[in-house]
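**Student:** One structure coming up, written as structure tokens, with questions to follow.
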Amino acid sequence: MLAGLTRNERDLSLVILAALTLVGLLMAIAGRNDPFGVHGAIVMVICILAIFAVIANYYAPEPGEDRFDRYYDEPTKFGIVVAMIWVVVGLFVGDWVAWQLVNPNLTFDAGWASFGRLRPVHTSGVIFGFGGNALIATSFYVMQRTCRTRMPDQLSPWFVLFGYNLFCIIAASGYLMGVTQSKEYAEPEWYADIWLVVVWVAYFVLYMRTLARRKEPHIYVANWYYLAFILVVAMLHIVNNLAVPISLSSVKSYSLFSGVQDAMTEWWYGHNAVAFFLTSGFLGMMYYYMPVRAGRPIFSYRLSIISFWGITFFYMWAGSHHLHYTALPQWVQTLGMTFSVMLLVPSWASASNALLTLNGAWHKVRDDATLRFMMVAAVFYGLSTFEGSFMAIRSVNSLSHYTDWTVGHVHAGALGWVAMITFGSIYASVPWLWKTKTMYSPKLVEVHFWLALAGTIIYVFAMWNSGIIQGLMWRTYNESGTLAYSFVDSLVAMHPYYIARAIGGLLFLTGGVVAFYNIWMTIRMAASAASETPRDRPVPALQPAE
Amino acid sequence: MMTPFGFHYRLERKAIGLVLGIILVASIGGIVEIAPLFTIHQTVEDAPDMRVYTPLELAGRNIYIREGCYACHSQMIRTLRDEVERYGPYSLAVESKYDHPMLWGSKRTGPDLARLGGKYSDEWHVAHLLNPRDVVPESVMPAYAWLARTPLKIDDLGNHLAAMRKVGVPYTDDMIANAKDDAYGQAKPDTPFAEGVTKRYGDATNVRAFGGGTTVTEMDALVAYLQILGRLTDAAHKTAKAGE
């Protein structure tokens with residue numbers, strides 16, 4: 001795997017890993033009475049394992065100068081496998097906490113296994129572990145193909161993937177120990193946040209260096225979305241995580257902002273994590289894999305320009321719709337609502353651009369579960385962006401906020417859109433990357449598709465029902481003018497829906513396990529001596545006369 | 001004249017151009033909505049009577065954060081009739097002025113806690129945290145029995161207060177220097193350390209054996225925090241009265 005590194009890169013990676021091991025050691029010593037020390041030990045162990053991995057390949061033959069005739073896909077392969085590990089873990093924990101709401105005794109009197117600590121393991125596991133790795137892995141694949149050039153070096157992509165997963169592991173293990181900033185979707189503490197900035201800068205630099213080497217005068221639309229994902233996530237991450245640690249040997253920090261400013265910053269971040277992590281990046285994925293798989297060009301170039309800049313501009317105003325009727329000044333709430341409604345225009349422009357791309361290929365959608373994953377993803381993207389704009393309207397939000405409706409909405413987007421487009425893209429890439437004709441079992445792809453769709457629909461319907469019932473019960477008055485239901489009454493009414501939701505989640509998880517097995521078997525059956533296809537090479541015949 | 005699409009046709013040939021364009025376009029929303037919140041005086045009301053969290057309450061708040069309580073409980077009563085009748089006066093911005101970070105929450109799997117302080121006895125809270133189903137049979141909240149078994153870490157509370165002061169909370173040198181003793185004293189009313197707590201944080205401060213155990217545990221801290229929710233200032237009640 002690491003034999004693709006040149007001798008210099010092998011040396012440099014050893015230096016970096018040795019330095020990180022030292023940092024881990026210092027953390028372990030300084031924080032020996034604190035979870036900080038545990039994290040130091042984890043950093044050390046992981047870096048030492050990585051050092052062994054590099055040394056194992058240290059005397060392997062170096063890649064020659066002819067490597068530039070080939071795309072560099074080893075990191076993408078690694079990223080896809082890691083993403084699949086994260087999705088199984090993340091979905092498992094998600095379903096576990098779903099069952100905890102059915103039966104709260106599934107905590108087993110252990111702090112680490114309680115709902116409040118496991119929930120961020122689920123959210124970070126699926127969003128950052130699965131989604132993030134899938135985005136990074138596919139972005140490496142897509143940027144090389146659409147620029148018709150190889151990445152400039154071999155070390156940077158490995159640094160990005162290694163560093164990113166180190167961040168994810170620190171995050172998830174931290175939650176189990178109760179290490180959290182409590183900012184939703186930005187829970188990791190200050191030291192993990194700083195490390196992520198380092199990794200992210202390396203990712204950005206790698207992307208820009210690859211773009212600079214492109215043999216294609218125009219930058220393809222998928223790259224705009226990946227670029228927006230990288231840049232804006234960096235902005236959001238840095239501003240929202242500003243904090244003062246209590247010491248350099250403790251995990252704990254205090255947010256720089258407080259109260260209303262902190263709330264606005266958090267939801268500016270939170271909503272745009274949805275926008276630029278869960279939407280922009282995955283649109284990049286869709287803009288490459290869907291047309292390639294369907295064998296059709298993107299329906300409209302102009303529509304993609306409008307939707308790209310519309311999404312980039314409008315989304316950033318929408319965060320305050322998470323704070324309707326709160327202590328946030330009303331003018332900010334109104335702005336958030338207005339822009340959320342306007343956001344429907346670029347969102348539906350994207351969704352319809354995707355679906356219209358399939359015109360002329362609908363017979364493929366019928367026969368090919370991989371393409372069907374992508375089609376259903378585009379449909380759910382359209383549905384959940386409509387729902388999002390609707391829920392951002394203040395009077396609708398007064399009912400939906402704080403209820404399971406929000407949870408249902410998030411999962412319509414996360415399961416229906418993000419996971420489906422990712423599974424579709426992964427099923428498309430795996431045979432290309434490992435040089436097999438098809439997946440190990442196209443039938444299992446079909447099985448996964450129906451499990452995922454059924455799971456999503458059960459989940460979302462259960463949460464719509466419970467959310468709306470909850471919201472209505474909270475505001476119902478009886479004839480004497482007092483509140484008709486106690487809070488506990490509404491909780492009891494949720495029980496059947498919580499069971500249904502956990503079953504929907506279980507189906508989706510089962511699908512994820514099936515996918516993991518299928519991908520694993522495809523890798524095993526891949527013949528190592530398979531001949532190269534044109535997909536591996538920047539096609540020389542088409543090079544412009546530069 | 002160049003059409004917008006013609007302009008874009010040129011822009012997308014320049015990586016740096018795209019990068020700058022994205023940064024510019026994406027910055028506007030946040031700048032317009034967030035920056036004024038720090039300067040406009042109306043954002044946060046005045047509340048001269050507002051006090052800071054005691055070290056024990058702050059430690060309890062950190063346990064609330066650590067256990068992810070905010071995932072199921074909000075601390076933000078909206079300006080809606082049913083919420084005000086169910087939970088109490090709607091939340092004011094000033095009430096979370098010293099909350100680094102805020103814990104407004106986004107989901108009510110359990111009820112809002114913004115006005116929880118003083119609503120139930122310490123004994124109720126302890127019983128509820130040990131096993132919620134003993135007092136609310138239908139509850140789906142996890143049991144937090146281990147809090148009563150875990151001694152509270154108090155030796156670094158001075159560092160916590162000092163960090164809070166760096167982000168703008170008016171802790172005095174006296175408070176920071178005595179953080180550890182005050183945390184102990186607030187849960188141990190019969191010890192000489194108890195006196196300093198009311199001296200530094202006001203006579204209205206709860207000084208009680210919250211968790212009821214022999215040592216100071218995490219249960220003491222969490223219950224102390226839950227009992228102060230909504231009671232750092234009277235501003236919300238005053239606003240509600242004035243509006244009647």
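The values are calculated or read from the model by the stated rules, or taken from the named source; none is laboratory data. Keep in mind that this is a model prediction, so the values were computed, not measured. A quick note on method: Cβ atoms are made from the backbone with ideal geometry, for glycine too, and the neighbour counts reach across all protein chains shown. Note: areas computed on protein heavy atoms with side chains; ligands, DNA, RNA excluded. Shrake-Rupley method; radii C 1.70, N 1.55, O 1.52, S 1.80 Å.
**Student:** Considering only residues that are more than 7 Å from every other protein chain (Cβ to nearest Cβ) and either under 16 Å from A:Trp267 (Cα atoms) or surrounded by 11 or more Cβ atoms within 10 Å (Cβ to Cβ) (or both), which ones fall in the stretch B:29-42?
**Tutor:** Answer for the stretch B:29-42, where residues must be more than 7 Å from every other protein chain (Cβ to nearest Cβ) and either under 16 Å from A:Trp267 (Cα atoms) or surrounded by 11 or more Cβ atoms within 10 Å (Cβ to Cβ) (or both): B:Ile31, B:Val32, B:Ala35, B:Pro36, B:Ile40.
**Student:** Something else about it: Inside the stretch B:43-56, can you point out the residues that are more than 7 Å from every other protein chain (Cβ to nearest Cβ) and either touching a Phe, Trp or Tyr at 6+ places or on another chain (Cβ under 7 Å) or assigned to a helix (DSSP H, G or I) (or both)?
**Tutor:** B:Arg51, B:Val52, B:Tyr53, B:Thr54, B:Pro55, B:Leu56, listed by residue number.
**Student:** Across the stretch B:115-168, which residue is farthest from the other protein chains (Cβ to nearest Cβ) among those that are of a type in the set (S, T, N, Q) and more than 18 Å from A:Pro104 (Cα to Cα)?
**Tutor:** Among residues in the stretch B:115-168 that are of a type in the set (S, T, N, Q) and more than 18 Å from A:Pro104 (Cα to Cα), the one farthest from the other protein chains (Cβ to nearest Cβ) is B:Ser121.
Per-residue answers, yes or no, for (1) out of contact with any strand residue (DSSP E or B) (no Cβ under 6 Å at 6 or more places or on another chain); (2) touching a residue at least 60 places away in the same chain (Cβ under 8 Å):
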position: A:Ile246; (1), (2): yes, no
position: A:Ser253; (1), (2): no, yes
position: A:Tyr287; (1), (2): yes, yes
position: A:Ile306; (1), (2): yes, no
position: A:Tyr315; (1), (2): yes, no
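**Student:** Okay, next question. Where residues in the stretch B:178-199 are out of contact with any Asp or Glu (no Cβ under 6 Å at 6 or more places or on another chain) and among the hydrophobic types (A, V, I, L, M, F, W, C), which of them is surrounded by the fewest Cβ atoms within 10 Å (Cβ to Cβ)?
**Tutor:** B:Ala194
**Student:** Now a separate question. Return the residue satisfying two criteria in turn: it lies in the stretch A:234-244 and is touching a residue at least 12 places away in the same chain (Cβ under 8 Å) and farther than 17 Å from A:Glu184 by Cβ, and of such residues it is farthest from the other protein chains (Cβ to nearest Cβ).
**Tutor:** Here the residue is A:Ile238.
**Student:** Kindly indicate the residue of the stretch A:443-461 that is touching a Gly at 6+ places or on another chain (Cβ under 6 Å) and within 21 Å of A:Glu387 (Cα to Cα) and also surrounded by the fewest Cβ atoms within 10 Å (Cβ to Cβ) among those meeting that condition.
**Tutor:** If we take residues in the stretch A:443-461 being touching a Gly at 6+ places or on another chain (Cβ under 6 Å) and within 21 Å of A:Glu387 (Cα to Cα), then A:Ile458 is surrounded by the fewest Cβ atoms within 10 Å (Cβ to Cβ).
**Student:** With touching a residue at least 24 places away in the same chain (Cβ under 8 Å), within 13 Å of another protein chain (Cβ to nearest Cβ), farther than 20 Å from A:Gly382 by Cα and over 19 Å from the mean Cα position of the chain (by Cα) as the only criterion, which of A:Leu328, A:Leu335, A:Leu343 stands out?
**Tutor:** Of the residues listed, the single one that is touching a residue at least 24 places away in the same chain (Cβ under 8 Å), within 13 Å of another protein chain (Cβ to nearest Cβ), farther than 20 Å from A:Gly382 by Cα and over 19 Å from the mean Cα position of the chain (by Cα) is A:Leu328.
**Student:** Consider the stretch A:194-205. How many of its residues are within 14 Å of another protein chain (Cβ to nearest Cβ) and open to solvent by less than 10 Å² (accessible area, probe 1.4 Å)?
**Tutor:** Of the residues in that region, 1 qualify.
**Student:** Quick one: count up the residues across the stretch A:385-406 that are surrounded by 22 or more Cβ atoms within 10 Å (Cβ to Cβ) and in contact with a Lys or Arg (Cβ under 9 Å, 6 or more places away or on another chain).
**Tutor:** 4
To keep it simple, each residue is scored yes or no on (1) free of Cβ contacts under 8 Å to residues at least 60 places away in the same chain; (2) under 16 Å from the mean Cα position of the chain (by Cα); (3) part of a helix (DSSP H, G or I); (4) surrounded by fewer than 22 Cβ atoms within 10 Å (Cβ to Cβ).
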residue: A:Ile80; (1), (2), (3), (4): no, yes, yes, no
residue: A:Ile85; (1), (2), (3), (4): no, yes, yes, yes
residue: A:Leu91; (1), (2), (3), (4): no, yes, yes, no
residue: A:Trp96; (1), (2), (3), (4): yes, no, yes, yes
residue: A:Val102; (1), (2), (3), (4): no, no, no, yes
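**Student:** Hey, another quick one. Can we say B:Pro101 is modelled with pLDDT of 95 or more, at the interface with chain A (Cβ under 7 Å from one of its Cβ atoms) and open to solvent by 30 Å² or more (accessible area, probe 1.4 Å)?
**Tutor:** no
**Student:** Further question: Which residue pairs have Cβ atoms under 6 Å apart, sit 6 or more places apart or on different chains, and have a first residue in the stretch B:214-226 that is closer than 13 Å to B:Leu113 by Cβ and part of a loop (DSSP other than H, G, I, E, B) and a second that is hydrophobic (A, V, I, L, M, F, W, C) and open to solvent by 10 Å² or more (accessible area, probe 1.4 Å)?
**Tutor:** Between residues of the stretch B:214-226 that are closer than 13 Å to B:Leu113 by Cβ and part of a loop (DSSP other than H, G, I, E, B) and residues that are hydrophobic (A, V, I, L, M, F, W, C) and open to solvent by 10 Å² or more (accessible area, probe 1.4 Å), there is no close pair.
**Student:** Name the pairs: first residue in the stretch A:181-194 and over 17 Å from A:His271 (Cα atoms), second residue among the β-branched types (Val, Ile, Thr) and in a helix (DSSP H, G or I), Cβ to Cβ under 6 Å, at least 6 apart or on different chains?
**Tutor:** A:Ala192/A:Ile170
**Student:** Among the aromatic types (Phe, Trp, Tyr), farther than 22 Å from A:Ala294 by Cβ, within 12 Å of chain B (Cβ to nearest Cβ) and in contact with a Ser or Thr (Cβ under 8 Å, 6 or more places away or on another chain) - does that describe any residue in the stretch A:391-404?
**Tutor:** yes
**Student:** Do you know which of the residues in the stretch B:64-93 that are hydrophobic (A, V, I, L, M, F, W, C) and touching a Gly at 6+ places or on another chain (Cβ under 8 Å) is nearest to A:Asp262 (Cα to Cα)?
**Tutor:** Taking the candidates together, the pick is B:Ala93.
**Student:** In the stretch A:12-42, how many residues are under 12 Å from A:Gly174 (Cα atoms), under 27 Å from the mean Cα position of the chain (by Cα) and not aromatic (Phe, Trp, Tyr)?
**Tutor:** Final tally of qualifying residues: 5.
**Student:** Now for a separate question. Can you tell me which residue is least open to solvent (accessible area, probe 1.4 Å) among those in the stretch B:200-213 that are at pLDDT 95 or above and either at positive phi or outside any loop (DSSP other than H, G, I, E, B) (or both)?
**Tutor:** Top of the filtered list is B:Tyr201.
**Student:** Determine if the stretch A:419-441 includes at least one residue that is more than 14 Å from chain B (Cβ to nearest Cβ) and among the basic types (Lys, Arg).
**Tutor:** yes
**Student:** State whether one or more residues within the stretch A:118-125 are within 14 Å of chain B (Cβ to nearest Cβ), out of contact with any Phe, Trp or Tyr (no Cβ under 6 Å at 6 or more places or on another chain), of a type in the set (A, V, I, L, M) and under 30 Å from A:Pro431 (Cα atoms).
**Tutor:** No - not one qualifying residue is present in the stretch A:118-125.
**Student:** A further question follows. Can you tell me which of (1) open to solvent by less than 30 Å² (accessible area, probe 1.4 Å); (2) closer than 30 Å to A:Tyr325 by Cβ is the one A:Tyr191 doesn't meet?
**Tutor:** The failed condition is (2).
**Student:** Also: In the stretch A:478-496, how many are within 12 Å of another protein chain (Cβ to nearest Cβ) and either under 19 Å from A:His401 (Cβ atoms) or in a helix (DSSP H, G or I) (or both)?
**Tutor:** The total comes to 11.
**Student:** How many residues does the stretch A:206-238 contain that are within 20 Å of the chain's Cα centre (by Cα) and open to solvent by 50 Å² or more (accessible area, probe 1.4 Å)?
**Tutor:** Number of matching residues: 1.
**Student:** With respect to A:His39, determine if the residue is out of contact with any His (no Cβ under 9 Å at 6 or more places or on another chain) and within 14 Å of chain B (Cβ to nearest Cβ).
**Tutor:** No.
**Student:** Right, here's the next one. Considering only residues that are farther than 13 Å from B:Asp112 by Cβ, more than 7 Å from chain A (Cβ to nearest Cβ) and among the aliphatic types (A, V, I, L, M), which ones fall in the stretch B:57-93?
**Tutor:** B:Leu58, B:Ala59, B:Ile63
**Student:** Here's another thing I want to ask about it. Restrict the check to the stretch A:140-148 and report whether at least one residue is in contact with a Cys (Cβ under 8 Å, 6 or more places away or on another chain) and either assigned to a helix (DSSP H, G or I) or modelled with pLDDT of 95 or more (or both).
**Tutor:** No, the stretch A:140-148 contains no residue that is in contact with a Cys (Cβ under 8 Å, 6 or more places away or on another chain) and either assigned to a helix (DSSP H, G or I) or modelled with pLDDT of 95 or more (or both).
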